[in-house]
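The values are calculated or read from the model by the stated rules, or taken from the named source; none is laboratory data. Predicted model, so just to flag it, every value in this text is computed and none were measured. Here the Cβ is made from the backbone with ideal geometry for all residues, glycine too, and neighbour counts use every protein chain on show. All accessible areas refer to the heavy atoms of the entire protein, side chains included, with ligands and DNA or RNA removed. Shrake-Rupley method; radii C 1.70, N 1.55, O 1.52, S 1.80 Å.
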Amino acid sequence: MTAATTEPSTLAAGRTTRDWQAADAAHFLHPFTDFKSLARKGSRIITRADNIYLWDSDGARILDAMSGLWCVNVGYGQQALVDAATAQLKQLPFYNAFFQTATPPAIELAELLAEVTPPRFKHVFFSGSGSEGNDTVVRMVRRYWDVLGQPGRQVIISRHNAYHGSTMAGASLGGMSAMHAQGGLPIPGITHIEQPFWYGLGRPEGVGTMDAAAEKASRDAFGLQAAGWLEQRILEIGPEKVAAFIGEPIQGAGGVIVPPDTYWPEIQRICNRYGILLVSDEVICGFGRTGRWFGCERMGFEPDLMTFAKGVTSGYIPLGGVMVGDRVADVLIERGGDFNHGYTYSGHPVAAAVAVANIRLIQRERLVERVRDDTGPYLAKLYAELKAHPLVGEAQTCGLMGALQLVKDKASGTLFDPSLEVGMVCRGHCFGNGLIMRAVGDRMIIAPPLVITRAQIDELGALIRRCLDLTTADLASRGWL
Ligand code: PXG
């Protein structure tokens, strides 16, 4: 069968929304989903996209403020990426990088990644996804200490409410308790400290709003305290047993938690003090999301390794990997011998060709600079206004990521009973009004494509306001306010 038409409201192969939902329910087990309840409800079928908009199988247009799943940085419908994939599929759809071979696109991408990352990153190890990239991180940091004759350094410290993927190692590094509760995780040698979440953990009790200077002082003090938890844990374990610390510059799936300015520089100081490797998980923050090429550059720290995925190809095709800084690369290359690790699709030529086209497009369109100087500050201004909404306790942005913390009482900062799932109520109104904004608990989060314009940010702002108002009315009618 061939695709019948490109009309948004008509489906390929002539199937109706109901047909797709029935087949989906019968055969497709979706990630992170209650299979039975989705089968009853029916999936929303997305059939087409362009720029920052999606269309569903009923022809409804949706503003995709999540860039797919934090990945479509250059927006949908970029012909340069399509052309790169098509040409490479014709030229050489696959060859591996295992047996002393390489393909031109993978080499070109490695070279280009060395150009756009900070200068100490000259080498890359490719994977197929962010989760696999973090599996590579675990193997690599432990191997590094083995080669240096310190095999006792095995422990990797991460954080509660971190997300590092869904493989055994990725989910173990992550700090999601619901994930650890299934399948005997975390694997040995991984431990978690508390997250740098000021509104939830650092704010003075019962105080919902503070003047700007007092809030800044409180945040900065909390940032040092939260980083201090790393030092405490290192000393509890014994520095000679600790291999690495891993963190997302800004926690994404955890709810766009922008740490205080003091946090990362202090984390860096502590890692340096004990000689511990510092790993930045850039799967969400990388490739322009924060208004710098990488989130660590925005947050002011210098990691030894960086995991990436998502934005490297703008999600047009799967690809991930680990940027390996000189400190680790020198040891593994000069003294390491065989590194017994890799994936069939490490350096996949089609994925690499798309990544090269994607990075060249980001450079050509100056998207990182646009986020830093124009759309990022413009979104920050919108969020400063949204903070005045009665339902919003905290409004944070960094580059083109944003979070709104919904609260029951703004003055005291009282949160809703989590069992009410107020975030899901708000998400329902967003869906119903043509906006994809995600709920993480009662934090409403966005990460729109980096091509979004000021006019489109105005459109986004109007949609968010409407959905917050609808949510407020809905909650009031349920007696929850
Ligand atoms: N690290 C980070 C920081 C991520 O955000 C991964 C690793 C794993 O990447 P892969 O490609 O293996 O999925 C991610 C992925 C959500 C959500 O609900 C976030 C991700 C994936 C799925 C859902 O926000 N991030």
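Could you give the dipole magnitude of the stretch 80-364 about its Cα centre, charging the beta-carbon of Lys and Arg +1 and that of Asp and Glu -1, in debye to the nearest 20? Walk me through the intermediate numbers first.
On the way: 23 positive and 27 negative charges, 49 e Å.
The calculation lands at about 240 debye.
Could you order Met66, Met424, Met179 so the one with the most accessible surface comes first? Probe is 1.4 Å.
Working: Met66 0, Met424 85, Met179 25 Å².
Heavy-atom accessible area, descending, gives Met424, Met179, Met66.
What accessible area per residue comes out for the chain, rounded to a whole number of Å², with a 1.4 Å probe? Walk me through the numbers before you get to the answer.
Details: 20530 Å² over 481 residues.
That works out to 43 Å² per residue.
To the nearest 20 debye, what is the magnitude of the charge dipole of the chain about its Cα centre, counting +1 on the Cβ of each Lys and Arg and -1 on the Cβ of each Asp and Glu?
Working: 45 positive and 49 negative charges, 85 e Å.
It comes to approximately 400 debye.
Please work out the Cα convex hull volume for the stretch 80-364 and give it in Å³ per residue.
Working: hull volume 39.8 nm³, N = 285.
That works out to 140 Å³ per residue.
Quote the relative contact order of the chain in percent (integer), defining contacts as alpha-carbon pairs under 8 Å separated by 6+ residues. Each step should come with its number before you reach the end.
Details: 938 pairs, mean separation 92.9, N = 481.
Reported as a whole number, the value is 19 percent.
Send over the Kirkwood Rh of the stretch 286-398, from the inverse of the averaged 1/r over different Cα pairs, rounded to one decimal Å.
Numbers: mean 1/r = 0.0597 Å⁻¹.
The answer is 16.8 Å.
Count the DSSP beta bridges whose two residues both fall in the stretch 247-335, then state the antiparallel fraction as a percent rounded to the nearest 5. If you can, show how the numbers build up before the last one.
Details: 5 of 9 bridges.
Just about 55 percent of them are antiparallel.
For Arg40 and Ser166, what does the FRET efficiency come to when R0 = 30 Å and r is the distance between their Cβ atoms, rounded to the nearest 0.05?
Numbers: r = 24 Å, r/R0 = 0.81.
After rounding to 0.05, the efficiency reads 0.80.
Looking at the square roots a ≥ b ≥ c of the eigenvalues of the Cα gyration tensor of the chain, which shape do they give, rounded for a/c under 1.5, prolate if a/b is larger than b/c, or oblate?
Working: a/c = 1.63, a/b = 1.10, b/c = 1.48.
The shape class here is oblate.
Suppose each label sits 7 Å from its Cα in the direction of the beta carbon; what would the Ala181-Arg360 distance come out to in nanometres?
If labels sit at Ala181 and Arg360, their model points lie 4.9 nm apart.
Can you tell me what share of the DSSP beta bridges in the chain is antiparallel? A percent to the nearest 5 is fine. Write down the numbers at each step before the final one.
On the way: 33 of 49 bridges.
Just about 65 percent of them are antiparallel.
With each run of n ≥ 4 DSSP H residues scored as -39500 (n - 2.57), what mean residue ellipticity at 222 nm is computed for the chain after dividing by its residue count and rounding to the nearest 500 deg cm²/dmol?
Values: 17 runs with 195 residues, N = 481.
Per the formula, -12500 deg cm²/dmol.
As an exercise, identify the trypsin sites (Lys or Arg not before Pro) in the stretch 283-371 lying in DSSP coil whose Cβ has no more than 13 other Cβ atoms within 10 Å. Numbers along the way, then the final one.
Numbers: sites: Arg289, Arg292, Arg298, Lys310, Arg327, Arg335, Arg360, Arg364, Arg366, Arg370; in loops: Arg289, Arg292, Arg366.
In loop regions of the stretch 283-371 (DSSP not H, G, I, E or B), the sparsely surrounded trypsin sites (Lys or Arg not before Pro) are Arg366.
From the Cα gyration tensor of the stretch 155-314, with a ≥ b ≥ c the square roots of its eigenvalues, which class applies: rounded if a/c is under 1.5, or else prolate if a/b is larger than b/c, or else oblate? Kindly include the intermediate steps, with their values, before the conclusion.
Details: a/c = 1.38, a/b = 1.22, b/c = 1.12.
It comes out rounded by the Cα gyration axes.
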